[in-house]
Amino acid sequence: MLDKLKPGSTIHLMGICGTAMASLAGLLQDIGFKVTGSDQNVYPPMSTMLESLNINVMEGYSANNLSHMPDFVIVGNVISRPNPEAQALLASNIPYTSLPKAMGELVIAERNSIVVSGTHGKTTTTSMLSYMAEVLGLNPGFFVGGIPLNYGKSFKKAEGDYFVIEGDEYDTAFFDKVPKFIYYKPKYVILTGIEFDHADIYSSLEQILAEFTKLLKLIPSDGILIYNGDCPNIQKIIAQAKCKTASFGEGEACTYRFTQRALFAGRNQVSVNKNNEKLADMALKLFGHHNSLNALSCLALATELGWNKSKTLQGLAGFKGVKRRQEVIGQINGVTVVEDFAHHPTAVDLTIKSMKEQYPERRIISIFEPRSATSRRNIFQSDYAKAFLSTDIALVAKPYNQSNISEEERFSTSVLISDLSKAGVRAFDFESSDNIITYLSKEVKPGDVILIMSNGGFDGLYKKLLKTLSETLAIKTETTASL
């Protein structure tokens, strides 16, 4: 049925405000389809992007959302079978599929597909690689679970032969329980690293490794795999790849490795070797060890593909980052507020260390909302205690909706706070975002950096905090000046 859809057909997306679904909506509209959608949770940045594209979003799920009888429906992976709109769809004659399958057939098609996969860094690396290819004049399309600041939107229709896409290992839909990357026709792959995650659908690391093994086997013999050579879990499955491979990292055995890294003139300066011979110096706007590795993987693939080195480095140097990835969202009376998507303990650790690197003389106040399926469970209880050791103050919100998790499996903020306090870190937990703001209004002072980490809306904390800081700091400044 997908191959019979023509521009002008109406496609309805269930769960349209998810980052991936909103991006697909924009792509389909650019291709020429009429797009409608529905979602229960409508909040920025994706709701704002959809509004700017004049795509109608129906709030809430209902059989009435299908009354306009779309030609096709794409079902997001947040939709469960009992969902009333899903039930109406199943009872109708309207054809439907999943997001990944639609991406593969309607968008990627016969282009050279570059898939960026792994537990961490997918969004930033995909965005970085897309911009690099843009600077090279390759006119790539891209599809990413965030909004690259160089573009202002999370997708772009391909005008050339390349399509760059973030390849998630999360499952596809309630009727199709395979990882999304299965449908992305991977020819060139960057594998950033593999750790246990997505505890709601995977019960062990072995299950996750089995899915990534499928990805490696999908790469054709004339394809390329760029992988993190320092990741022990990748080493367990790398032999399954039958294509050309090259590793990146810091280890001496890595094909591409950075030998030196320093901050200079407001840039992250990284020296890179290939096979122990000097290859290039990267100058990046993004800070931190993890972003250096993200850039290194992009340089490695570009080099293996024979892309112009000068233009490649120019693209890396000009990449501005991604919304919600170490994004400065406010600077108020000497206080800097930074937003990040970090939720896995490894990401939390690396993000805090990046802030300490970027703001070495300033106090870092880290705010964390356990919201992902994994962070709401106690799988990484002790790992989170280690992740916050670099921060000056840790403020932890009550986990988001643990009602579907048994008590013995639930992540405990009180245990985390106790562990951090024993380790010498000032740490507090809070019942609500309003309680966090009340605490900050008394604690924060000029020079502080406030780092907010959540993979959701965090109960509107961002706007409320900026407003409160503007009012509170202004009062503090006036009072100090009058003394």
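All of the numbers you see were taken from the coordinates with simple rules; none came from a lab. Just so we're clear, the structure is a prediction, and the values are computed from it rather than from any experiment. Note that we place each Cβ from the backbone using ideal geometry, even for glycine, and neighbour counts take in every protein chain shown.
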Practice task
Run the dipole for the chain about the Cα centre, Lys and Arg Cβ at +1, Asp and Glu Cβ at -1, nothing else charged, and hand back the magnitude in debye, nearest 20.
Solution key: 920
Completion exercise
Projecting the Cα atoms of A239, F163, L2 onto the charge dipole of the chain, where Lys and Arg contribute +1 and Asp and Glu -1 at Cβ, the residue farthest towards the positive end is F163
Practice task
Report the label-to-label distance for H289 and K464 in nanometres (one decimal), using points 7 Å from each Cα along the Cα→Cβ vector.
Solution key: 3.5
Practice task
Just grab the label-to-label distance for E252 and R81, each label 7 Å out from Cα along the Cβ direction, in nm (one decimal).
Solution key: 5.5
Problem - Positive-pole candidate from I436, I219, V272, dipole of the chain, charges at beta carbon - result: V272
Practice task
Would you please give the residues with an amide H less than 5 Å from that of S9, counting only those at least 5 places away or on a separate chain, with H modeled from the backbone geometry?
Solution key: K34
Exercise for the section: Count charges around T336 for me, please; just the other residues with Cβ under 12 Å from its Cβ, Lys/Arg as +1, Asp/Glu as -1. Expected result: -1
Completion exercise
Going through K177/K217; K422/K467; K122/K244; K442/K463; K156/K177; K398/K463 one by one, the pairs whose alpha carbons sit over 23 Å apart turn out to be K422/K467; K156/K177
Handout entry: Loop-resident sites, the stretch 246-349, for trypsin sites (Lys or Arg not before Pro), counting at most 16 other Cβ within 10 Å (DSSP)
Key = K285, K320
Exercise for the section: Match the structure shown to one of the listed values (i) 152; (ii) 140; (iii) 174 of volume of the Cα convex hull per residue in Å³, computed from it, and give that label. Expected result: (i)
Handout entry: For the stretch 2-100, size of Cβ-based charge dipole, Lys and Arg +1, Asp and Glu -1, in debye
Key = 200
Problem - Filtered GluC sites (Glu not before Pro), the stretch 170-277: DSSP coil and at most 14 other beta carbons within 10 Å - result: E252
Exercise for the section: Compare the Cα positions of F143, T472, G306 along the charge dipole of the chain (+1 at Cβ of Lys, Arg; -1 at Cβ of Asp, Glu; about the Cα centre) and return the one farthest towards the positive end. Expected result: G306
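Evaluate the relative contact order of the chain (contact order divided by residue number), counting alpha-carbon pairs under 8 angstrom at least 6 apart; express in whole percent.
Values: 1003 pairs, mean separation 51.3, N = 483.
Worked out over the chain, it gives 11 percent.
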Problem - Cα-centre dipole for the stretch 84-221 with unit charges at Cβ (Lys and Arg positive, Asp and Glu negative), debye to 20 - result: 380
